[in-house]
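Data block below; observations after.
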């Protein structure tokens, strides 16, 4: 992996000075085209050995290009806000939007590699992390991002020489800290772990470029030219947007599916409902006040047929909670800022801190429901969403978020009845749109989408709860009960 | 102030139960209209005496209306991220966008009142704070917001009774903490400070409504009806948007103005430039590495004529900095999310933490420059911007942000020369637009706007630096020198 970055690459001064002005102009030109077209973001990762010129390279890129459209992020220790969320949250926060260049100095590679080097994690854990990284980067490239990963390398001998040289010069002495020397002692371990990480994550979409860092001219030109070529290639690509094929999903050929197994006739009397409502709201309220609740969070997802009673169910949940503790996120069309980011970005931004309760009224499942059925995205895009969502929810639950997902199911007849009721009541008319009637005509297609969704995204840590919702009382109690049970399990 | 909230207001159960369904339906109707039209945000503040039903009221509002479109924020102790910014930053973060209702439980009143009660501040400081609050709320209402401020009150006797009653009941006992009793001891002081604060801040645009909190039916109906009436009044207001008049600004009648006093012929030789560039870049670099820099931040604002060399000057500044330490915010048209908020919101979101350096390429001064000259906002709107900006910058500098503002000034002839150069150079063509040519025709109007801006917003803590920029070398060095001087002063 690192062999060719230990050959002693060098560029002489004359060549460098002749090439730089041409490179800079071409880089600027490419950058302005990138901004003007705003078709894709450029994510540049800079990692590698200390002293191999990481920060010098980043500073140089800011000098060569227009720094106003480069976002550089030095990601050191996570902040308290970041520590309360999944590891990846802080990286989602700083992803560049379309048209911009983001340079991440310290990335999703740093912690897994350092943990391995310091013996805090095993090789298998590193591999597992890297697998997740591959999936994450694949998602980014599927969303159109250009990812460039530079690994600045120095041989052990070169690093020693460099640290000593820095120390010898009074102007650069401050840059060598005791930690640098401690890390130098770990060179071999670091090299081994890095190689393992890089090997697993050098993919066709996002390959690593290992750059020998000893000669600043070689290093700078290599990085600059790599960026130029990649951005140009992406800008000049005249082929129509990639439409990867996904093998079509075949519905169960005997036409038996999970929604058919629901007994929608289940109902509760008003009296029984009221008694149980009080009971489970009380229990839910007490659960959110337990000491342990400070260390977990709840993300409750409400999906369901139109008019299935999501709003009513949500109100029975919030009725049990203190308004300062929860937040409801109604999912509507994405905003401009959200459209300039990968699909899941607008949900990541609402990931709660511990001790908080977030309710999603519709959710990231829109991709595999309405967007699939209405053809708002390609088949490939919604097919990949299943695994992206499963990854997302796994990260959440690993960070102690209780992810509870409800599908509220009603029969076509019941829906018709409710639509007609809504037409009659003044303040409910707002809730009924043309779109609701149109969706109704695609009942079968939605049903198939729901079945696939449940099958592909119901996991041990984030299972779907199907809620028989023809009877509102029954549905609300089932929702409350399920929430209580899941939170109780999490509190242990 | 509190007399009429100690009269023992009460509503009987029958009246309450008859009125609530009607009120709820009307509230919901109003809320849906608010959402559909998205013309203004509703900011509801809930403050007052402990035990007067603050949280019960907030929960009830969430129950009565559609909680999916209410954002409730319990603002307790500030987070580490918040502590690094001006006091108001955390409130700007949670302002509801147009069409939404935001309930703030704990607000910009809390800390000033509590500090006074605990003897941490003097009465004069409280008054000064309240003056700032009045200006802040005026800005919000000028931006179209509906502000509703509820103060839940209990007499001392009632509070004592209530705390005792809560303690006596095993289900509510947990709600009474030792701090509650400590605070009860301070009742008189709290009452006095609150009255002082409320008196100063009960304005026509945002009056306080003091509500007797003892009877939950009276309290709930009062708050509910007040909200309904206010939202309805704002929704039904058929008068055209208010166009407050501002007295016209008269330019100096002898036609002498500050830009004319600049000696644009000042220049530096290339040699002298290069020597000074190295010197001041080095000094700037060292300043950002001083230990004390961790406790301040820098906000550098670059404004100037088109083609005055803002980009080049910015690059000479960033050339001295580590890319991980700074961020450049190029100000373009506001995004959808930004348009749903008050004007300054999109700048508040970029206020840096301590130890950071943020450069604004154009800034909040757009309001009193391009928006004024092009008529993008009313005269009243840009007139009020002067004082809003002065307040903004005062808050920043009080929080140890060094606010450095540059106006880069060139002559019309020099601009023409540069425009023509840009037409010739391929990668500079991106920088020249039709708009630049149009702006040029309004040279006089822009000049007047610049003079007013400098006169009205150059303050002791955030002075303008006018930069003679016909010679780029001279301009860049003046920028670097000024930055060094201001940061040195701040580091003391």
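Every condition in (1) assigned to a helix (DSSP H, G or I); (2) free of Cβ contacts under 8 Å to residues at least 12 places away in the same chain holds for residue B:170 except the one numbered (1). Out of B:483, B:491, one residue alone is closer than 26 Å to residue A:69 by Cα and in contact (Cβ under 8 Å) with a residue 60 or more places away in the chain. It is B:483.
Quick grid of which residues meet (1) modelled with pLDDT of 95 or more; (2) crowded, with 19+ Cβ neighbours inside 10 Å:
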residue: B:4; (1), (2): no, no
residue: B:25; (1), (2): no, no
residue: B:28; (1), (2): no, no
residue: B:39; (1), (2): no, no
residue: B:45; (1), (2): yes, yes
residue: B:66; (1), (2): no, yes
residue: B:69; (1), (2): no, no
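Out of curiosity, is residue A:367 touching a helix residue (DSSP H, G or I) at 6+ places or on another chain (Cβ under 7 Å) and modelled with pLDDT of 90 or more? Taking the combined requirement at face value, the residue satisfies it.
Within region A:122-131, is there a residue that is free of Cβ contacts under 8 Å to residues at least 12 places away in the same chain and in a loop (DSSP other than H, G, I, E, B)? The answer is yes; a qualifying residue exists. For region A:307-344, the set of residues classified as closer than 25 Å to residue A:139 by Cβ, within 13 Å of chain B (Cβ to nearest Cβ) and outside any strand (DSSP E or B) consists of A:331, A:332, A:333, A:334, A:335, A:336, A:337, A:338, A:339, A:340, A:341, listed by residue number.
Looking at this structure, is residue A:20 in the same structural domain as residue A:95 (by TED's automatic domain parsing) and crowded, with 23+ Cβ neighbours inside 10 Å?
No, not satisfied.
Screening residue A:460 on (1) in a helix (DSSP H, G or I); (2) free of Cβ contacts under 8 Å to residues at least 24 places away in the same chain shows it passes everything except condition (1).
The residues of region B:331-353 that are surrounded by fewer than 18 Cβ atoms within 10 Å (Cβ to Cβ) and either outside the structural domain of residue B:387 (by TED's automatic domain parsing) or touching a residue at least 24 places away in the same chain (Cβ under 8 Å) (or both), listed by number, are B:337, B:349, B:353. Within region B:220-240, residues that are in the same structural domain as residue B:35 (by TED's automatic domain parsing) have Cβ atoms under 6 Å from residues that are assigned to a loop (DSSP other than H, G, I, E, B) in these pairs: B:221/B:11, counting only partners at least 6 apart in sequence or on another chain.
In this structure, is residue A:119 part of a loop (DSSP other than H, G, I, E, B) and either in the same structural domain as residue A:201 (by TED's automatic domain parsing) or free of Cβ contacts under 8 Å to residues at least 12 places away in the same chain (or both)? Criteria met by residue A:119. Take residue B:163 and decide whether it is within 14 Å of chain A (Cβ to nearest Cβ) and surrounded by fewer than 20 Cβ atoms within 10 Å (Cβ to Cβ). No. Do we find that residue B:198 is touching a strand residue (DSSP E or B) at 6+ places or on another chain (Cβ under 7 Å), assigned by TED's automatic domain parsing to the domain that holds residue B:18, surrounded by 15 or more Cβ atoms within 10 Å (Cβ to Cβ) and part of a strand (DSSP E or B) in this structure? Against the criterion (touching a strand residue (DSSP E or B) at 6+ places or on another chain (Cβ under 7 Å), assigned by TED's automatic domain parsing to the domain that holds residue B:18, surrounded by 15 or more Cβ atoms within 10 Å (Cβ to Cβ) and part of a strand (DSSP E or B)), residue B:198 does not qualify. Taken over region B:354-382, residues that are within 14 Å of chain A (Cβ to nearest Cβ) and surrounded by 16 or more Cβ atoms within 10 Å (Cβ to Cβ) amount to 8. Apart from one condition, residue B:204 fits all of (1) out of contact with any helix residue (DSSP H, G or I) (no Cβ under 6 Å at 6 or more places or on another chain); (2) without any contact (Cβ under 8 Å) to a residue 60 or more places away in the chain; (3) more than 30 Å from residue B:392 (Cβ to Cβ); the exception is (3). Any residue that is under 15 Å from residue A:220 (Cβ atoms) and touching a strand residue (DSSP E or B) at 6+ places or on another chain (Cβ under 6 Å) - is there at least one of those in region A:25-43? Looking through region A:25-43, none of the residues is under 15 Å from residue A:220 (Cβ atoms) and touching a strand residue (DSSP E or B) at 6+ places or on another chain (Cβ under 6 Å).
Of the residues making up region A:273-306, those that are touching a residue at least 24 places away in the same chain (Cβ under 8 Å), over 30 Å from the mean Cα position of the chain (by Cα) and more than 14 Å from every other protein chain (Cβ to nearest Cβ) number 3.
The values are calculated or read from the model by the stated rules, or taken from the named source; none is laboratory data. Because the structure is a prediction, the values reported are computed rather than measured. When we count neighbours, we look across all protein chains shown, and the Cβ atoms used for this are built from the backbone with ideal geometry, even at glycine.
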